[in-house]
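Below is one structure, written out as structure tokens; comments come after it.
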Amino acid sequence: MSGAAAVLADQVPLKRNRRMRLRDRTLLFRYLVVVNLILGGWYLYWRVTQSINGAVLWLAIPLLAAEIYMYFGGVLFLVGLWRPIERQVRSLGQLMPPLPRDQYPTVDVFITCYNEPADIVEQTALAALALDYPVTQLRVYILDDGNSPELRQLSERLCLTDLQSPPLQAATAALDAQRNALVARLHQVQALQQDIAEVEAALSHHRLQVPSRPEVLPEVMAWFDQVRPVGVPDSVWLGCQTALGEGFDNVLCHAHRHLPAETPIDLEVAILNHVVLLRLWDRGSPFDLEGHLLTHTAVDDWAERGRGLNILRQTVDDLAYFRGADDRNCLVLIKRYAPQRQETPAHESDPYQLLGQLHSLHQLLLLNQPEQPSVTAMLKAQVQSLQADIDRKHHQLADMARCRYIARVKPQGRPHHAKAGNINHALFSGETHGDFVLTLDADHIPKPQFLQRVLPYFFEFNLDRGQYDGNRVAFVQTPQAFYNLPPGDPFGHDAHLFYGPIQQGKDGMNSAFYTGTNAILRREALVNMGLQHFATDFAKDDQRLAEFDLIGGLSSISITEDMNTAMRLHSVGWRSVYHSEVLAEGLAPDDLSSTLKQKLRWAQGTIQVMLRDNPLLKPGLSFWQRLQYFQTMYSYFVGFFIAVFLASPIIFFFTGLIPVDSFGPQFALHFVPAYVVNRLTFVAASWGIPLRELWRNEQYAIALFPLYIQAVWSVFTGQPIKFQVTPKQRQAGVYLGLVRVQLVFFGLTLAGMLWGLVQLGLGHWSDPWVYLINSLWALYHLALLWVIIRAAWWQPKTPI
Amino acid sequence: MTIAVKTLEPVGMLDGAAAHDLKNQVLDVMRQGADGVLLNLAGITYMNSSGIGALVSTFKAVRENDKQLYICGLTDQVRMIFELTKMDRVFNLYADVADFQSKVATAN
């Protein structure tokens, strides 16, 4: 444990459990954003009003539209980054005040699998089992949507190995010891039962129930005399008799005055060795004796009634009148005395003395638990509660297996709802009960400190109650990182921009995105939100009940279940957190085919959500949340406009036509400042991320344009869209076929530049500037497109 | 014609695990030949979303057998969580056993 503790020691000591601050250089960034938007607006204004080439409107208008689209995309993007926040947090084990380890919430780790090789899943499951967390509070579920025998066997093997591991053995031994102690206690309590029953039977004639009739008084007195022990002085006894008589009379004349004569009066007497205790229970209406005594002190000597209380006060040492839980009132009379032992021989007084001691213990037990009518009942309740405790321990002992396997039946012809269906099935299968759910893709290996670092966000210290309470945070997302990225990242998987300023910016507006893996969700939030949406679906079509366990939690309306789930959680008022610390590392697809499948799915899913659950129309979201979600959706329409940009220089080279009036000084004056400031803004926003990676991101953002067009097209034309699981194993091959469009644009641009050079050489063009500007533009396009063409035949240097 | 409706009266906390046990009880009762089950929740002191989730899952299983599930006796806390999750749109809810009998049992 000491090793793990060393790993977990927080690097930066914090004054509080959590700290939130703006990312460095945010003010510089904001300043640049303002300048950027002004200059960009100025450029756009100039373009719209003064520089459209009226001669070639068919070319000028699309380019202008593309520029306007880009400008608004930029506005949304930059405003989305306006408030990037960095969070710091103390680990769960180092919270101040501390959260006791036995109060840690229960956590289920869901490893979602489809067709991944067992050795990949094994690494993830082993790491999940090794998370630094109390073993009894953690369960790892392999959710196998492929229903493969290998994964089932793997789970069983891991489960058995885990059960034999020292921490599990220790936990089992501890539980077993607790259970043994409980069983031993149960045996002892049960052994008491017969004797206690006898004691209560022996004491039973100290109770009497009589009707509310004056003529039963002799019977009451006779009963009272019969319980008189030796050792109570005559004078004391006389006082007790008087008090009993007056108390009884009081019930008849006051409490039960308007009640039927059958109304029972309960009498109890306990004669201890120094005290006589009398209780008279009536069923009258509540009466404030204390108040009455305070206000009615003196009684007229000649009055016919009203002396009873005074007599009572004089004859006993203490009296009280209270209302019990069962709507009865109780008059308690206490008379103290000094026992007369010397007058009676020991063999006569000893049994009474014992009886008195017994009485006192019996009274103590009853007074301790006034809700129980007798000690026998108390004992019975205790036996029951002990048995329940023992059952619980039995259950826990039988439930020690921490690595489990869940696969669902997928009937033909019914929707299965892909990954959302897989997770929802596990949520509602009845086999999982954790307070929190950590979702991991099959290949994402969590670090031991994962839970320690993210769970503190879900709790708030309540100063009034002096304990940690749950708050409204529904999920904490952590970055996605990869351990298999080849040098140079040919497929552009590194996402420090997204899992950096972008997510931090979203977090600053309470709209961090859930990205399906490396995130921990509050089960209550997920189920609560899911049920609300299910209820709405059900109200429209009650046949959807059949799918409840697949659609009642995570959103299933699109193939990017993660984004829509977060949006729905936000819309019903839950909060989110982005924690920018790499806590799990996974495999990135390292071939073009898988990469493109993954990106196509994201794009299609996002556009699906826009059509089916549009953030602009969804009630419950804040303005900024709408902006964040809409920005992502908006950005996927970029494909059409990129095509326009890419085509512009090509058209120039072959036709000599340009979409702007001129590329002269006016153009430079308006374009250059906007462009330079735009670049600077970007640098300020992405401070700390290697330029190489930013360039890679930019290349892919442009080079994927056919895919974005395909995504929009397929969703809008209603083509069936399948959830394609990103393959985790390399799909070897050359994929030039996948980049046909890019190859065509690349070739045409290259050919255009050569053609233009020939034209220039032949003296057909008068203005070499226009050629130069278009060539620079074209070279930039070539550099962007090259990345994906190169990736099409990329192979790892050393075969994996 | 009368339908055989069995009443179950769970008590205490109804969280995910407890509600899952209840689901098994309901299914047992169905197997023993009841046409419907009435859940009287008057004895439930606390219930959460996971508990309701398990109830819906029970409802689903019951419907798959062409049988009925009725719920009555919601305490204030339980009613609140039913309304928060909009489950009052999903379940057949009755005020108490008498209400259920007057509306359902006599209708058949």
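Any read-out appearing in this document is the output of simple, stated calculations on the displayed coordinates, not a laboratory observation. Computed from a prediction, not measured in an experiment: that's the story for all the values here. Ideal geometry is used to build each Cβ from the backbone, glycine not excepted, and the neighbour counts take in all protein chains shown.
Projecting label points 7 angstrom from Cα along Cα→Cβ for B:K86 and A:A170 puts them 4.8 nm apart. Dipole of the protein assembly as shown computed with +1 at Lys/Arg Cβ and -1 at Asp/Glu Cβ about the Cα centre; of A:I85, A:A222, A:S594, farthest Cα towards the positive end is A:S594. Quick one: compute the contact order of chain B, relative version, from alpha carbon pairs under 8 angstrom and 6+ residues apart, as a percent. Normalised by residue count, the contact order of chain B is 29 percent.
Mean projected area of the Cα convex hull of region A:203-371, taken over all directions, amounts to 10.7 nm².
A simple packing score, the average count of other Cβ atoms within 10 Å per residue, orders the peptides A:216-224, B:65-73, A:503-511 as A:503-511, B:65-73, A:216-224, with the highest score first. Cysteines of the protein assembly as shown lacking any other cysteine Cβ under 4.7 Å from their own Cβ: A:C113, A:C240, A:C253, A:C330, B:C72. The charge dipole of chain B, taken about its Cα centre with unit charges on the Cβ of Lys, Arg, Asp and Glu (plus for the first two, minus for the last two), comes to roughly 260 debye. If the viscosity is 1.306 mPa s and the temperature 10 °C, what translational diffusion coefficient in µm²/s does Stokes-Einstein give for region A:141-203 when Rh comes from Kirkwood over Cα pairs? Stokes-Einstein gives a translational diffusion coefficient of 100 µm²/s. For the pair region A:645-665 and region A:340-419, the centres of their Cα atoms are 88 angstrom apart. Available extension along the chain between A:L367 and A:D391 is 5.7 nm, counting 0.36 nm per residue and deducting the alpha carbon span. Please label the shape of region A:431-489 as rounded, prolate or oblate, based on the square roots a ≥ b ≥ c of the eigenvalues of the alpha-carbon gyration tensor (a/c under 1.5 means rounded; beyond that, a/b larger than b/c means prolate, else oblate). Verdict is prolate for region A:431-489.
Remark: mean inter-chain Cβ contacts per residue of A:529-540 equal 5, using a 10 Å Cβ-Cβ cutoff to other protein chain atoms. Our estimate of slack between A:V409 and A:W769, defined as 0.36 nm per intervening residue step minus the Cα-Cα distance, is 122.9 nm. The label-point distance for A:V48 and B:D76, in a model that sets each label 7 Å from Cα toward Cβ, rounds to 5.8 nm.
Mean projection of the alpha-carbon convex hull of region A:491-532 over all orientations, in nm²? The number I arrive at for region A:491-532 is 4.0 nm².
So if I take the centroid of the Cα atoms in region B:2-27 and the same for region A:95-142, what is the distance between those two points in Å? Here the answer is 31 Å between Cα centres.
Can you pull the percent of Cα pairs in region A:365-476 with separation above 23 Å? Above the 23 Å cut-off, region A:365-476 has 62 percent of its Cα pairs.
Please compute, over every Cα-Cα pair in chain A, the percentage with a separation greater than 46 angstrom. The calculated P(r) of chain A puts 48 percent of pairs beyond 46 Å. Taking 0.36 nm per residue of sequence separation and removing the Cα-Cα distance, the A:L354/A:R18 pair yields an extension gain of 114.6 nm. Considering helices alone, the calculated mean residue ellipticity of chain A at 222 nm is -17000 deg cm²/dmol, with DSSP H runs of length four and up weighted by -39500 (n - 2.57) and normalised per residue. The A:K618 and A:L192 beta-carbon pair, evaluated with R₀ = 41 Å, returns a calculated FRET efficiency of approximately 0.05. Within 10 Å of the Cβ of each residue in B:74-86, the mean number of Cβ atoms contributed by other protein chains is 2.
Shape summary: region A:1-157 maps onto an equivalent ellipsoid whose semi-axes, from the alpha-carbon gyration tensor, are 52, 29, 10 Å in decreasing order. According to the calculation over all Cα-Cα pairs in region A:302-453, the P(r) per 5 Å bin from zero is 2, 5, 7, 9, 9, 9, 7, 7, 6, 5, 5, 6, 5, 5, 5, 4, 3, 2, 1, 0 %.
This model, with +1 at the C-beta of Lys and Arg and -1 at the C-beta of Asp and Glu, gives the protein assembly as shown a dipole about its Cα centre of some 3940 debye.
Under 5 Å between amide hydrogens, built in the peptide plane, is the criterion, and for A:L138 it picks out A:V107 among residues at least 5 positions away or on other chains. Using Cβ point charges alone (K and R +1, D and E -1), the dipole size of region A:203-371 about the Cα centre works out to roughly 140 debye.
Take B:D35, project a point 7 Å from its Cα along the Cβ direction, then tell me which residues of region B:68-108 have their backbone nitrogen under 13 Å from it. Under 13 Å, as judged by backbone N against the label point of B:D35, lie B:68-69, B:104-108 of region B:68-108. Which shape class, rounded, prolate or oblate, goes with region A:75-191 when its Cα gyration tensor gives a ≥ b ≥ c as root eigenvalues, a/c under 1.5 marks rounded, and past that a/b bigger than b/c marks prolate? In terms of gyration-tensor shape, oblate. Out of every Cα-Cα pair that region B:5-105 contains, those further apart than 22 angstrom amount to 20 percent.
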